[in-house]
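Below is one structure, written out as structure tokens; the observations come after it.
The values are calculated or read from the model by the stated rules, or taken from the named source; none is laboratory data. These numbers come from a predicted model, not from an experiment. Quick reminder, even Gly has a Cβ in these numbers, built from the backbone with ideal geometry, and neighbours come from all protein chains shown. Surface accessibility is based on the protein's heavy atoms, side chains included, excluding ligands, DNA and RNA. Shrake-Rupley method; radii C 1.70, N 1.55, O 1.52, S 1.80 Å.
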Amino acid sequence: MLIDQPTARRDQGFSLIELMIVVAIIGIIAAIAVPNYIESQHAACASSAIASLRQIHSAEVSYRTTNDQYADLTQLGTAGFVQDPMLLGGQKSRYNFVVTTAGADPASNYQANADPTLLPVHWRHFFIDGSGVVRSNLTAPANATSAPVD
């Protein structure tokens, strides 16, 4: 006696269409999330650069009060006015920092630049001098004539 067994369909995995839909959804989510992540990372690095320039300005004012002249980054570190080792190394938060004094008369002024190491034509460049005003420029290094940062 033969018993007729129902043919049961065994699900063994996902179909190709289901996998393609999942991959498409992941692609759409990535296309939305990655640019937002990059922009937030850029904003964080720019904020860090501005804060570092303000720290440099504060150190310069203190150094000038003590020594009657401005100093470069190495001198500020040696005198203990800047203690951030990354900033003293000249690089922090994907920015290069350069601090110079006014050549023959270091008592008159200093300038500090923060230039991006990543995408220099898309990230902002920053500048500060003895006036204490942080300035920025998008396409090239900032200077005393660049627009102030809000």
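Details
- Qualifying helices (runs of 4 or more DSSP H) (wholly inside the stretch 15-97; at least 1 residues being within 22 Å of residue 130 (Cβ to Cβ), polar (S, T, N, Q) and at pLDDT 95 or above): 16-67, 73-78
- Counted residues, the stretch 123-135 - those being free of Cβ contacts under 8 Å to residues at least 40 places away in the same chain and open to solvent by 70 Å² or more (accessible area, probe 1.4 Å): 1
- Counting only residues that are small (Gly, Ala, Ser), at negative phi and assigned to a loop (DSSP other than H, G, I, E, B), the stretch 113-150 holds 6 of them.
- Against the conditions (1) touching a residue at least 60 places away in the same chain (Cβ under 8 Å); (2) open to solvent by less than 70 Å² (accessible area, probe 1.4 Å), residue 77 satisfies every one except (1).
- Every residue from the stretch 98-112 that is under 25 Å from the mean Cα position of the chain (by Cα) and either aliphatic (A, V, I, L, M) or not in a strand (DSSP E or B) (or both): 98, 99, 112
- Test result for residue 120, free of Cβ contacts under 8 Å to residues at least 60 places away in the same chain, surrounded by 17 or more Cβ atoms within 10 Å (Cβ to Cβ) and over 15 Å from residue 51 (Cα atoms): no
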